[in-house]
Amino acid sequence: MLERIERMVNKVSFIGVGPGDPELLTLKALKKIKIADVIIWTDSLIPEKILDFSKESSEKIKTSSLNLEQITTIMIEKIQEGKTVVRLHDGDPCLFGAIREQIEILKSEKIKIEVVPGVSAFQIAAAYHEAELTIPDVTQTIILTRAGGRTGMPEKESLKDLAKHNSSICLYLSARHIKRCQETLLEFYPPETKVIVGFRVSWDDGWTSLIELKDMEKFSIEKKLIRTTIYIISPAISNSKKRSNLYDPSYSHLFRKK
Ligand SMILES: C[S@@+](CC[C@H](N)C(=O)[O-])C[C@H]1O[C@@H](n2cnc3c(N)ncnc32)[C@H](O)[C@@H]1O
């Protein structure tokens with residue numbers, strides 16, 4: 001029944017499949033992968049076992065060697081053939097997913113779009129370390145960013161500017177630039193600030209480690225980290241005894257009186 005309804009709608013579903021562990025797929029993502037005729041997937045960042053849920057007959061297309069026009073042309077053709085098309089992105093598609101330009105091209109062809117969110121890399125890395133990145137009086141802010149590389153950073157978002165806040169900072173796409181990141185961050189954070197480093201977190205060969213900021217570059221070189229690495233630099237990690245207000249007996253709110 002669901003499949004019949006989906007087929008009637010001429011749309012491409014952009015699906016965030018999470019960091020790699022198939023159990024972190026949302027039910028919605030799972031349902032859509034199961035019924036898709038065509039699965040276009042970011043093979044460089046998604047483990048193949050995510051496709052285990054797909055129909056054997058589905059066509060699976062890797063995007064690592066394709067450019068934007070090639071990818072969108074395939075989507076348009078498959079939709080015009082009446083196929084159910086899903087486009088899989090790692091993590092959550094709104095973060096460094098390059099979905100906007102795909103969506104613009106599809107919309108110009110009057111193709112409808114839907115986006116299904118997913119668990120992002122920083123969330124699984126934090127979860128593996130049981131970390132809360134927003135501790136009262138330490139930081140209430142999480143910055144999701146990257147080091148400027150071939151894709152430059154907007155002028156007002158240099159790491160130096162962001163680091164001034166002393167918030168939890170999650171660095172995506174930054175392993176190649178970690179020397180520069182460490183130097184900049186050390187201007188604002190103590191050398192002993194905890195850093196969660198995660199490589200292919202939740203993949204079969206993935207791992208995470210808790211290190212200190214002063215060792216971030218050395219560690220990255222030792223582990224030969226270049227790709228699929230997340231860094232969480234945070235004063236909130238193992239630092240504070242301060243309790244949040246939410247569950248404090250002396251703090252009342254709509255659902256609980258003092
Ligand atoms: C193009 S970005 C996409 C991010 C993705 N949309 C997300 O929400 O996690 C790819 C970068 O995300 C990070 N990343 C994605 N999956 C990861 C994982 N399983 N473990 C560690 N880092 C990951 C790495 O920094 C990688 O270079």
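Is it true that Pro249 is in the same structural domain as Leu144 (by TED's automatic domain parsing) and not β-branched (Val, Ile, Thr)?
Numbers: in the same structural domain as Leu144 (by TED's automatic domain parsing): no; not β-branched (Val, Ile, Thr): yes.
Taking the combined requirement at face value, the residue does not satisfy it.
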Check: Out of the stretch 104-130, which residues are among the aliphatic types (A, V, I, L, M) and away from the ligand (no atom under 15 Å from the Cβ)?
Finding: Ile105, Leu106, Ile111, Ile113
Note to self: What pairs come out if I take residues in the stretch 81-106 that are within 13 Å of Lys11 (Cα to Cα) and pair them with residues that are among the small types (Gly, Ala, Ser) and part of a loop (DSSP other than H, G, I, E, B) whose C-beta lies under 7 Å away, six or more apart or interchain?
What the structure shows: Thr84/Ala36; Val85/Ala36; Val86/Ala36
Next item on the list: Only residues that are part of a strand (DSSP E or B), surrounded by fewer than 19 Cβ atoms within 10 Å (Cβ to Cβ) and more than 16 Å from the ligand (Cβ to nearest atom): list them for the stretch 187-233, please.
Entry: Glu212
Next item on the list: Please tell me if Ala236 is within 15 Å of the ligand (Cβ to nearest atom) and either touching a Leu at 6+ places or on another chain (Cβ under 9 Å) or within 23 Å of His129 (Cα to Cα) (or both).
Entry: no
Check: Would the stretch 93-103 turn up any residue that is among the acidic types (Asp, Glu), within 16 Å of the ligand (Cβ to nearest atom) and farther than 28 Å from Ile232 by Cβ?
Finding: yes
Item checked: Tyr247, sole failed condition from (1) in contact with a His (Cβ under 6 Å, 6 or more places away or on another chain); (2) free of Cβ contacts under 8 Å to residues at least 24 places away in the same chain; (3) of a type outside the set (Val, Ile, Thr) -> (1)
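Which ones in the stretch 13-42 are assigned to a strand (DSSP E or B) and of a type in the set (S, T, N, Q)? Don't jump to the end; show me each part of the working.
Going residue by residue through the stretch 13-42, those that are assigned to a strand (DSSP E or B) are 13-16, 18, 38-41.
Selection gives Ser13 alone.
The values are calculated or read from the model by the stated rules, or taken from the named source; none is laboratory data. Source: prediction; values computed, not measured. Note: ideal-geometry Cβ built from the backbone for every residue, glycine included; neighbour counts use all protein chains shown.
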